[in-house]
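Here the structure is laid out as structure tokens; the discussion comes afterwards.
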Amino acid sequence: MKARYLVLGLVGLSAVVVAKDKDTPPPRAEVFQKVIDCRAIGDAAQRLACYDTQVARLEEASARKEVIVFDQAEVKRTRKGLFGFNFNDLGLFGGGDDKSKEEGVNQIESTVRSARQDGSGKWVIIIEDGAKWVQIDTTNIRSPKAGQAIKIRKATLGSYFANINDQHAIRMIRQN
């Protein structure tokens with residue numbers, strides 16, 4: 001099985017935001033593009049020298065966290081951790097294209113770490129990974145407890161439905 005990698009140039013992140021055309025891939029980080037450009041050199045010794053130089057620069061940029069390399073498994077873990085935030089317009093982590101809708105995270109299952117009611121009687125729930133979810137409707141449920149199962153799935157208009165310990169769903173948004 002061939003591993004696929006996603007390389008993000010953090011310095012060039014604004015260029016990714018500007019690239020709104022879904023058919024045009026976002027521009028590559030310059031330091032990565034220079035490695036790719038070495039392929040065009042005909043002389044084998046010069047091509048190897050180019051690769052050696054540019055790979056060293058890529059490694060240095062990676063060490064300075066100017067470029068980060070993710071494999072597909074890490075992209076999926078990251079998308080799951082960012083569930084509830086809308087990054088689709090950026091095109092990062094596969095968001096915004098038809099393929100990402102097929103492979104995207106549409107729901108998560110976790111465990112309640114803590115739950116409390118705010119001043120208006122709405123639930124504020126922290127799940128196991130530290131994500132904070134806040135109820136936005138007025139549906140009443142039995143008090144959630146630490147350790148109970150929670151399933152959160154996409155709803156409409158940027159909100160989410162959460163079922164806690166198999167109770168009926170409440171509408172929530174992610175806050176952190």
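Derivation of every value follows stated rules applied to the coordinates shown; laboratory data play no part. Predicted model, so just to flag it, every value in this text is computed and none were measured. When we count neighbours, we look across all protein chains shown, and the Cβ atoms used for this are built from the backbone with ideal geometry, even at glycine.
For the pair ILE173 and ARG57, the difference between a 0.36 nm per residue extended length and the Cα-Cα distance amounts to 37.6 nm. In this structure, the residue pairs whose Cα-Cα separation is over 18 Å, taken from LYS34/LYS76; LYS65/LYS132; LYS80/LYS151; LYS80/LYS145; LYS76/LYS145, are LYS34/LYS76; LYS65/LYS132; LYS80/LYS145; LYS76/LYS145. Length, then width, then depth: along the principal axes, the Cα atoms of region 99-176 run 41, 25, 24 Å. Between SER159 and ILE41, the FRET efficiency from the beta-carbon distance, with R0 = 45 Å, is close to 0.25.
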